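The values are calculated or read from the model by the stated rules, or taken from the named source; none is laboratory data. Please read these numbers as outputs of a predicted model, since none were measured by experiment. Here the Cβ positions follow ideal geometry from the backbone for every residue, glycine too, while neighbour counts run over all protein chains shown.
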Amino acid sequence: MTTQRKVYQDILQKIKAIIYNDGLQTGDKLPSERELSERLNAGRSSVREALRSMEMLGLIETRRGEGTFIANAKDHRLVEVIASFILKDTKSREDLLETRKLIEKDILRVACERISDEYLLRLRTMMEHKDNSSDREIFSTEFDTAFFRIIVSSTGNYLLMRLWGELADYHQTIWHHLTFRPFVYYEELIEALSTKDQEKAILLLDQYEMKRTEE
């Protein structure tokens, strides 16, 4: 874990401690960004990043002109479960990544059977828009998520789409820095889907496991 990542995780933990020690409940207002920065002896940019991640998790909510408040994560049990993992140790975050990968393998199995020409065209169109890259490499969690979201949608299974969507969103919250998968991964995955080759599709997922660059 890099120093910057460790500081970020420490701030998250300390903000959680402040919420607990101050006895804050759902609907209560958090201390201001400036006050948190002073209490934690941390830079405001680091505090802002931590708060942004907590908001993405549904743990807090920002109301324009009013401030930041504790949200009711229990309104969404899936959010509550996943959020509790994200703010813990490295092993828990690796568990989340493993769970996402297991679900993605099943998604590929179903997609190989159900994907239509319309969805294949959408995938190819995405690749055409990226083909102007001179090194034919893609460094974007956003692209990878958007690409696989099309595959998930092609299954027509809305519960599966929701489960995967939550995991993917929280994955980006943990590892929002760049990830790397070569251009050929996406090209070959489209080919596997178009030929309904489940074995090849799943092999590609294993072969080109996402690599995280360090911040």
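Is one or more of the residues making up the range 116-139 under 16 Å from the mean Cα position of the chain (by Cα) and modelled with pLDDT under 65?
Yes, the range 116-139 has at least one match.
Every residue, every condition in (1) in a helix (DSSP H, G or I); (2) of a type in the set (A, V, I, L, M); (3) modelled with pLDDT of 85 or more; (4) touching a Leu at 6+ places or on another chain (Cβ under 7 Å), yes or no:
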position: LYS16; (1), (2), (3), (4): yes, no, no, yes
position: SER37; (1), (2), (3), (4): yes, no, yes, no
position: LEU51; (1), (2), (3), (4): yes, yes, yes, no
position: THR62; (1), (2), (3), (4): no, no, yes, no
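Any idea which of LEU57, LEU96 is modelled with pLDDT of 75 or more, among the hydrophobic types (A, V, I, L, M, F, W, C) and surrounded by 13 or more Cβ atoms within 10 Å (Cβ to Cβ)?
Residue meeting the stated conditions: LEU96.
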